[in-house]
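Peer 1: I'd like to ask you about the structure that follows.
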Amino acid sequence: MATTQRERILPDRPTGVRPPGPQPALAPPRNPGLPLELDWIRDVRVNRSAVERRAAAIGTRRTVKRAWQAAWLLRAVTLIDLTTLSGDDTPGNVLRLCAKARRPVRDDLLDALGARDLGITTAAVCVYHAWVETAVRALQGSGLPVAAVSTGFPAGLSPFPQRVAEIHASVAAGAREIDVVITRAHVLRGEWEALYDEVRAFRDACGDAHLKVILGTGELGTLRNVARASLVAMMAGADFIKTSTGKESTNATLPVGLVMVRTIRAYFQRTGHAVGFKPAGGIRTAKQALEWLLLMKEELGERWCRPDLFRFGASSLLGDIERQLEHFVTGRYSAAHRHPMA
Amino acid sequence: MNVAEIFETLEYGPAPESAAPALAWLDRHERTFGLFIDGRWAPPRSGEYFETVNPADARPLARVAQAGKEDVDRAVAAARAALPAWQAVPGHARARYLYALARQLQKHSRLFAVLESLDNGKPIRESRDIDIPLVARHFYHHAGWAQLMEREFPGYTAVGVVGQIIPWNFPLLMLAWKVAPALAMGNTVVLKPAEFTPLTALLFAEVCADVGLPPGVLNIVTGDGRTGALIVEHPDVDKIAFTGSTEVGRIIREATAGSGKRLSLELGGKSPFIVYDDADLDSVVEGVVDAIWFNQGQVCCAGSRILAHEGIAATLEARLKARMETLRVGDPLDKAVDIGAIVAPAQLEKIQRLVRQGVEEGAVLWQPSWSCPTEGWFFPPTLFTDVSPAATIAQVEIFGPVVVMMTFRTPEESVALANNTRYGLAASVWTENVNLALDIAPKLKAGTVWINCTNVFDAAAGFGGYRESGYGREGGREGLWEYVKPEWETHAAKAGLAAARPDLDAAGPDLDLEPDPAPAPGAGGAAPAPDAVLRNEIEFAPNGAAPLPPIDRTAKLYIGGRQVRPDQGYSLPVHAPDGRLLGEVAHGNRKDIRNAVEAAHKAAAWGRATAHLRAQVLYYIAENLAARADEFAARVHAMNGASPAAAAEVARAIERLFTYAAYADKFDGAVHPTPFRNVTLAMHEPIGVIGVVCPDDAPLLGFISTVIPPIAMGNAVVAVPSERFPLAATDFYQVLDTSDLPGGVLNIVTGRRDELAQVLAAHDDVDAVWYFGSREGSAAVERLSTGNMKRTWVDYGRPRDWTDPRQGEGVEFLRQATQVKNIWVPYGE
């Protein structure tokens, strides 16, 4: 597309300056949170139909092809919290997962893409508390953080002191990121102070570990609730807000994601604090990953497409991305068994 | 750029849709197209061709025929020849053809989409995801109407040969909006695509041939405005359907005035986009994108005037500017482009000129920091702030990616600003408050109101304008009325009744309405005459005493609920069939019409009164008329000399009042099942102030039959009673005085029929005119209606049997007295 020179309608008159868009620093400071602002929460407006309309157009207004698609998919790999959250997890599969996190894409493919030097790894590995130490050991020297799901994941209804203690235990075991779940009842009943206090307590328990707050959006009933819960979580000091546990019947959807990232933008514009976003659950295909990246780039800009501000919670996504990358390299459709399993 | 670099920047790259299949199709036609007439391709007899150009690179795509007079004649002849058979085939057969067209459109959807983007410059995303799917949907939907026509439109038949002229902004979609309903209802068509964008219509012609559409049913003649004029002026065309500028619509109205051609016009707009302080502002921003940066803003219903509540205007402006930075302008065939090319240099120059004017008039211009392609014709998204309603850019249709923003303080003010325009095509309302939304929607003068959405369309919902945005609807049941006519009109025509009735003014001495020479009239009116001879009734004193002279009854004008004297102190005589002078009526003039129109506007509350109340008032009028039935019968008898018929006429008039009292709360709108989660409410709204020029045919019944339907639907009426038989109408105001009809709802101005009709037709604050009179008078009304493009309903001097309920009353009258507003209300929390 030829974009060499600006169409000057009025050569003698400047056409205005770009408004200050959201552009966090290279290494944004953590979100310290705010005192609870109930007026702000009350003012939240979300029009579901309009949100769905925009969300549906994200993937039709934008697309990336060929080299651009390959590059975007590589970026997506670096955003993955490679996850296993199963009752039958053992050290065996957790170790496999960690190995895959270190080397998510075959070297020959990276070579072909000219991406060997980019140091492609996933963003983190995400496990239950029981396997935090295993994973920490396995990732030693890689710089990759281990994230632990916590606070009575997935329902979040165990006794409150126990939930706080669980955070302490995982941090002590070496987890650098803690994915907590909120009490959905607080949202459903409009108990914003209670929600705020809960998340604030989790944040305090995290210490230096980063706090990702799972809203369980599939159980919040309305998009307005999603927006209000997002806002309260950020006010209470969340480093990330995250859609789902992956255990609800409805996981991360683009309309939910759109509402959350718009809330992140509003929070950033008002406070200057950049909060990250993590869609999780149901993201299985490269195409979906691209849609989420398009959403982030369109609504928040490229800065929000980096691992300190954006993550995918996913387990099978990586496999599909690998196959797409191989297709780009070879021109032939690939097969799952051609890529090392996690 | 290599993968590693893009990995760092996450930039967008090119994502081109291949033009190859579309170009191959052009090559198969050797990049030269003839005319599609009578099912065959033929070179133009004119021998002329013109080029159609790709606006993205300014390179020619193909040579297309310029149809001349001989070509248009052939096309109309082919359509005429095909009409009887096409009309005669069962609806089911037409349904199969339309269904086949829908299927073919879907099967070849990408070819249509790419060709459309090549020819028009619109982004492939839009042609692929919006235009072409809507086209297919339109044919599916209307296949259904063809199937159901006999059941759903009993007593109606096709209008005949239809000339259709469509614009360049949605070339194939506008073709679908025109062709699908026309064919479904059994019409045959001569269609002219816009000269800038003829290609998809030509591909469509090929598809029609492929599905075996009978030759002559659809004829496609390409050309510029000259070809359009040939269609408009062709004597054998029964109807013209036009979408385009108000300017050209006006010319077409003038050119067809008095021809008897039916006319539907979908014209320009300057649609408001109203944002209240409780709206979801992020969604509003996307709404603006869909409103004004859809199709480069070349959309007749584009939301080009943002009206924002003062409290949120600054926030909205900031978010809008941030969003504008992320819009992408470029190659229309790039799948990641939001805004494509402007259709032609002339259009680009017009946009540039208006933008320059906006700046000169003091508005603040803002455009994003990035640049547009320099090859081809592009214009960046543009926002104007500090705009006043007086600014040119706030009033005229720019038809480009340019939006103006103004503020308001209260809902009332938002409505006032929204309606402060000559146009009335669409409006968009953004609020999370359902009470506010549903309060505002009916107050907006627009054919379509979108709540929390914008620029959504569907075949099941009618689309069309109020005011200077035109008349007629496209889509839905309401759109089909444009393509049918009552069967009795055809029968009447066959029986020779349709021959225009002689103009009554010139019909012979006993009908001579000029003042009797005998009583030495003053200019324009009769002098007062000796009492007794003037009166049709002689009053006798009781007890057989000597007859007393009757008390003079003076018929005045009835304006604003009061009897008033005419502006000028002249009267006109009213004669009996035997030449006797029956009385006199006021000779109303243009100032009386002016006063009556003002009074009618003051009665606007009638339109908001409940339908139940309107029904009650009409029943009450009937009751009071019944109480004086003998008196009215005598009056009618005296005027037309038909005694038994006079009593029957009064009885019919009472019955007719009952009919419209009954209809007042039963002419329902509809909820259209449009295919996404919303309710689309099709509301029948009054048009406003209607001038009704009453027929001569039945002194009382003609008056009641034409004046009451608009009132039943909530309009205010300025009535010009029969010039020959006005006394039934002037007597009638005494019935009104006792019947609780609010003053100003029905105003009666007697006088010279055609003189007053023309004042009404030329009055820019009259919203519609009904005229039942002469052929010449009909033509004058149509011609003069162009000032504000008011709706007209005239009879071209063809008589109508007012005693026949099929002709003299019913839904046809109610449709003429209403306009359909479609309100789209998406829902879901």
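The values are calculated or read from the model by the stated rules, or taken from the named source; none is laboratory data. Treat the numbers as computed from the prediction; the structure is a model and nothing was measured. Cβ sites come from the backbone with ideal geometry, for glycine too, and all protein chains shown count toward neighbours. These area figures cover heavy atoms from the full protein model, side chains too; ligands, DNA and RNA do not enter into them. Shrake-Rupley method; radii C 1.70, N 1.55, O 1.52, S 1.80 Å.
Peer 1: I need the full set of residues from segment B:639-688 which are touching a His at 6+ places or on another chain (Cβ under 6 Å) and of a type in the set (S, T, N, Q), in order please.
Peer 2: Result: B:S643, B:T680.
Peer 1: Of all residues in segment B:307-332, which are out of contact with any Asp or Glu (no Cβ under 9 Å at 6 or more places or on another chain) and of a type in the set (V, I, T)?
Peer 2: Matches in segment B:307-332: B:T315 only.
Peer 1: Take A:L82 and decide whether it is at pLDDT below 95 and either surrounded by 15 or more Cβ atoms within 10 Å (Cβ to Cβ) or under 30 Å from B:T315 (Cβ atoms) (or both).
Peer 2: no
Peer 1: Please note which strands (runs of 3 or more DSSP E) are completely contained in segment B:104-222 and include at least 3 residues that are open to solvent by less than 10 Å² (accessible area, probe 1.4 Å).
Peer 2: Fully inside segment B:104-222 and qualifying: B:161-165, B:188-192, B:218-220.
Peer 1: If you don't mind, another one. State all residues of segment A:35-45 that are closer than 21 Å to B:A318 by Cβ and more than 8 Å from every other protein chain (Cβ to nearest Cβ); if no residue qualifies, say none.
Peer 2: A:E37, A:D39, A:W40, A:D43, A:V44
Peer 1: Please specify each residue of segment B:1-25 satisfying the condition of being within 14 Å of chain A (Cβ to nearest Cβ), touching a residue at least 12 places away in the same chain (Cβ under 8 Å) and open to solvent by less than 10 Å² (accessible area, probe 1.4 Å).
Peer 2: The answer is B:G13, B:A15.
Peer 1: Could you please find all residues in segment A:49-69 being open to solvent by 20 Å² or more (accessible area, probe 1.4 Å) and within 12 Å of A:W292 (Cα to Cα)?
Peer 2: Those that are open to solvent by 20 Å² or more (accessible area, probe 1.4 Å) and within 12 Å of A:W292 (Cα to Cα): A:A56, A:G59, A:T63.
Peer 1: Continuing with this model, one more query. If you go through segment B:414-421 one residue at a time, do you hit one that is among the β-branched types (V, I, T) and free of Cβ contacts under 8 Å to residues at least 40 places away in the same chain? Working first, answer last.
Peer 2: Looking only at segment B:414-421, we keep the residues that are among the β-branched types (V, I, T), and these are B:415, B:421.
From what is left, the residues that are free of Cβ contacts under 8 Å to residues at least 40 places away in the same chain are B:415.
Yes, there is a match, as at least one residue in segment B:414-421 is among the β-branched types (V, I, T) and free of Cβ contacts under 8 Å to residues at least 40 places away in the same chain.
Peer 1: Okay, next question. Check whether at least one residue in segment B:632-642 is outside any helix (DSSP H, G or I) and closer than 21 Å to B:V745 by Cα, and report yes or no.
Peer 2: Looking for residues that are outside any helix (DSSP H, G or I) and closer than 21 Å to B:V745 by Cα, one finds none in segment B:632-642, hence no.
Peer 1: To continue, here is another question. Specify which of the listed residues (B:A291, B:A229) is farther than 26 Å from B:T157 by Cβ, away from every other protein chain (no Cβ under 14 Å) and either part of a helix (DSSP H, G or I) or charged (D, E, K, R) (or both).
Peer 2: Of the residues listed, the single one that is farther than 26 Å from B:T157 by Cβ, away from every other protein chain (no Cβ under 14 Å) and either part of a helix (DSSP H, G or I) or charged (D, E, K, R) (or both) is B:A229.
Peer 1: Yes or no: B:R798 open to solvent by 30 Å² or more (accessible area, probe 1.4 Å), assigned to a loop (DSSP other than H, G, I, E, B) and either more than 14 Å from every other protein chain (Cβ to nearest Cβ) or of a type in the set (V, I, T) (or both)?
Peer 2: Spelling it out, B:R798 is indeed open to solvent by 30 Å² or more (accessible area, probe 1.4 Å), assigned to a loop (DSSP other than H, G, I, E, B) and either more than 14 Å from every other protein chain (Cβ to nearest Cβ) or of a type in the set (V, I, T) (or both).
Peer 1: Quick one: which residue in B:R94, B:R28, B:R45 is open to solvent by 40 Å² or more (accessible area, probe 1.4 Å) and touching a residue at least 12 places away in the same chain (Cβ under 8 Å)?
Peer 2: B:R45
Peer 1: Also, I was wondering about something else. In segment A:46-87, what residues are more than 10 Å from chain B (Cβ to nearest Cβ) and in a loop (DSSP other than H, G, I, E, B)?
Peer 2: Once the filter is applied, which keeps residues that are more than 10 Å from chain B (Cβ to nearest Cβ) and in a loop (DSSP other than H, G, I, E, B), segment A:46-87 yields A:L79, A:T84, A:L85, A:S86, A:G87.
Peer 1: Checking B:V284 against (1) within 11 Å of chain A (Cβ to nearest Cβ); (2) crowded, with 22+ Cβ neighbours inside 10 Å; (3) outside any helix (DSSP H, G or I); (4) not small (G, A, S), only one condition comes out false. Which one?
Peer 2: The number of the failed condition is (3).
Peer 1: Please verify whether segment B:331-345 includes one or more residues that are without any contact (Cβ under 8 Å) to a residue 12 or more places away in the chain and either on the phi < 0 side of the Ramachandran plot or open to solvent by less than 30 Å² (accessible area, probe 1.4 Å) (or both).
Peer 2: Within segment B:331-345, none of the residues are without any contact (Cβ under 8 Å) to a residue 12 or more places away in the chain and either on the phi < 0 side of the Ramachandran plot or open to solvent by less than 30 Å² (accessible area, probe 1.4 Å) (or both).
Peer 1: Which ones in segment B:719-757 are open to solvent by less than 10 Å² (accessible area, probe 1.4 Å) and either out of contact with any strand residue (DSSP E or B) (no Cβ under 9 Å at 6 or more places or on another chain) or in a loop (DSSP other than H, G, I, E, B) (or both)?
Peer 2: Within segment B:719-757, B:P721, B:S722, B:P726, B:A728, B:V735, B:S739, B:G744, B:V745, B:V749, B:T750, B:G751 meet the criteria.
Peer 1: Would you call A:Y333 among the aromatic types (F, W, Y), outside any helix (DSSP H, G or I) and more than 16 Å from A:A123 (Cβ to Cβ)? Show your work before the answer.
Peer 2: Details: among the aromatic types (F, W, Y): yes; outside any helix (DSSP H, G or I): yes; more than 16 Å from A:A123 (Cβ to Cβ): yes.
Yes; evaluated as a whole, the condition is true for this residue.
Peer 1: If A:R262 passes every condition in (1) within 18 Å of A:E52 (Cα to Cα); (2) open to solvent by 30 Å² or more (accessible area, probe 1.4 Å); (3) modelled with pLDDT of 95 or more but one, which one does it miss?
Peer 2: Condition not satisfied by A:R262: (2).
Peer 1: Counting only residues that are more than 10 Å from every other protein chain (Cβ to nearest Cβ) and among the aliphatic types (A, V, I, L, M), how many does segment B:311-332 have?
Peer 2: 4
Peer 1: Run B:W488 past the list (1) buried (at least 24 other Cβ atoms within 10 Å of the Cβ); (2) more than 19 Å from B:F408 (Cα to Cα); (3) not aliphatic (A, V, I, L, M) and report the number of the one that doesn't hold.
Peer 2: Condition (1) is where B:W488 drops out.
Peer 1: Taking the options A:L144, A:L157, name whichever one is assigned to a loop (DSSP other than H, G, I, E, B), more than 14 Å from chain B (Cβ to nearest Cβ) and over 20 Å from the mean Cα position of the chain (by Cα). Spell out the reasoning first.
Peer 2: Details: A:L144 fails: over 20 Å from the mean Cα position of the chain (by Cα).
None of the others qualify; the one that does is A:L157.
Peer 1: Can you name the residue in segment B:294-310 that is open to solvent by less than 10 Å² (accessible area, probe 1.4 Å) and more than 30 Å from B:I166 (Cβ to Cβ) and is also farthest from the other protein chains (Cβ to nearest Cβ) among such residues?
Peer 2: Per the stated criteria, the residue is B:L307.
Peer 1: Pull up segment B:26-37, narrow it to residues that are assigned to a helix (DSSP H, G or I) and of a type in the set (D, E, K, R), then point me to the one that is nearest to the other protein chains (Cβ to nearest Cβ).
Peer 2: Per the criteria, the residue is B:D27.
Peer 1: Condition first: facing chain A (nearest Cβ under 10 Å) and polar (S, T, N, Q). Now tell me which residues in segment B:344-359 satisfy that.
Peer 2: Residue satisfying the conditions is B:Q352 alone.
Peer 1: Scan segment B:1-18 for residues that are of a type in the set (D, E) and over 44 Å from the mean Cα position of the chain (by Cα) and jot them down.
Peer 2: Hits for segment B:1-18 are B:E5, B:E8, B:E11.
Peer 1: For the list (1) open to solvent by 10 Å² or more (accessible area, probe 1.4 Å); (2) over 23 Å from B:Y276 (Cα atoms); (3) touching a Phe, Trp or Tyr at 6+ places or on another chain (Cβ under 7 Å), I need the number of the one condition that B:V364 fails.
Peer 2: Failing condition for B:V364: (2).
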